[in-house]
1. Could you tell me which of the residues K56, K101, K93 is touching a residue at least 12 places away in the same chain (Cβ under 8 Å) and either touching a helix residue (DSSP H, G or I) at 6+ places or on another chain (Cβ under 7 Å) or closer than 19 Å to A5 by Cα (or both)?
2. When you scan the range 34-46, do you find a residue that is surrounded by fewer than 14 Cβ atoms within 10 Å (Cβ to Cβ), at negative phi, among the hydroxyl-bearing types (S, T, Y) and touching an Asp or Glu at 6+ places or on another chain (Cβ under 6 Å), even just one?
3. Scan the range 1-27 and report the pairs whose first residue is charged (D, E, K, R) and whose second residue is part of a strand (DSSP E or B), with Cβ atoms within less than 8 Å and a gap of 6+ or a chain change.
4. Search the range 90-113 for residues being under 24 Å from the mean Cα position of the chain (by Cα) and modelled with pLDDT under 85, and hand back the single one that is surrounded by the fewest Cβ atoms within 10 Å (Cβ to Cβ).
5. Being in contact with a strand residue (DSSP E or B) (Cβ under 7 Å, 6 or more places away or on another chain), closer than 27 Å to G10 by Cβ and loosely packed, with under 13 Cβ neighbours inside 10 Å: is that true of A58 here?
6. Looking at D70, D52, D42, D27 in this structure, which one is touching a strand residue (DSSP E or B) at 6+ places or on another chain (Cβ under 7 Å) and modelled with pLDDT under 80?
7. How many residues does the range 1-16 contain that are crowded, with 18+ Cβ neighbours inside 10 Å and farther than 20 Å from K112 by Cα?
8. Kindly indicate whether any position in the range 82-89 is touching a residue at least 24 places away in the same chain (Cβ under 8 Å), of a type in the set (S, T, N, Q), under 20 Å from G1 (Cα atoms) and surrounded by 14 or more Cβ atoms within 10 Å (Cβ to Cβ).
Amino acid sequence: GGCLALQDAGVPVKCSIAGIAMGLVLDTQEFGGDGTPLILSDITGSEDASGDMDFKVAGNDDGITAFQMDVKIGGITSPIMKQALLQARDGRKRILAEMLKCSPSPSKRLSKYAPLIHVMKV
């Protein structure tokens, strides 16, 4: 939503950026499971709080621009991390495609409220 709001306000952006919140829940024996990792996409606050990992990923069609992860278990294996990243990429690209339907390209007009940088040499 933030990227669309900036574009709508006339703030120049090079490309659209989208983010997705991923989660991990281990299907533990405590709950009758076999320890299979369940990777969730687009998690809510309650899933974030009760899950074993939350992983936020932001980026454009070309790749990741930022990510943040909290882990509440002993660690994450490489295969779990790979699957979470692949699932996040698919979700991010789907979100970007939906954003494109709303705002096909960054606005060409510059809002009078857009941040500006002025350099003055003394």
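1. Working: K56 fails: either touching a helix residue (DSSP H, G or I) at 6+ places or on another chain (Cβ under 7 Å) or closer than 19 Å to A5 by Cα (or both); K101 fails: touching a residue at least 12 places away in the same chain (Cβ under 8 Å).
The unique qualifying residue is K93.
2. Looking for residues that are surrounded by fewer than 14 Cβ atoms within 10 Å (Cβ to Cβ), at negative phi, among the hydroxyl-bearing types (S, T, Y) and touching an Asp or Glu at 6+ places or on another chain (Cβ under 6 Å), one finds at least one in the range 34-46, hence yes.
3. D27/T36; D27/P37; D27/L38
4. Of all residues in the range 90-113, those under 24 Å from the mean Cα position of the chain (by Cα) come to 90-107.
Imposing the further condition that a residue be modelled with pLDDT under 85 reduces the set to 102-107.
On the way: C102: 10, S103: 14, P104: 8, S105: 10, P106: 16, S107: 16.
Per the criteria, the residue is P104.
5. Working: in contact with a strand residue (DSSP E or B) (Cβ under 7 Å, 6 or more places away or on another chain): yes; closer than 27 Å to G10 by Cβ: yes; loosely packed, with under 13 Cβ neighbours inside 10 Å: no.
Judged against the criteria, A58 is not a match.
6. Details: D70 fails: modelled with pLDDT under 80; D52 fails: modelled with pLDDT under 80; D42 fails: modelled with pLDDT under 80.
Matching residue, one of D70, D52, D42, D27: D27.
7. Number satisfying all stated conditions: 1.
8. No, that holds for no residue.
The values are calculated or read from the model by the stated rules, or taken from the named source; none is laboratory data. As the structure is a computational prediction, the values presented were derived from the model and not from experiment. Methodologically, a virtual Cβ is constructed for each residue, glycine included, from the backbone with ideal geometry; neighbour enumeration extends over all protein chains shown.
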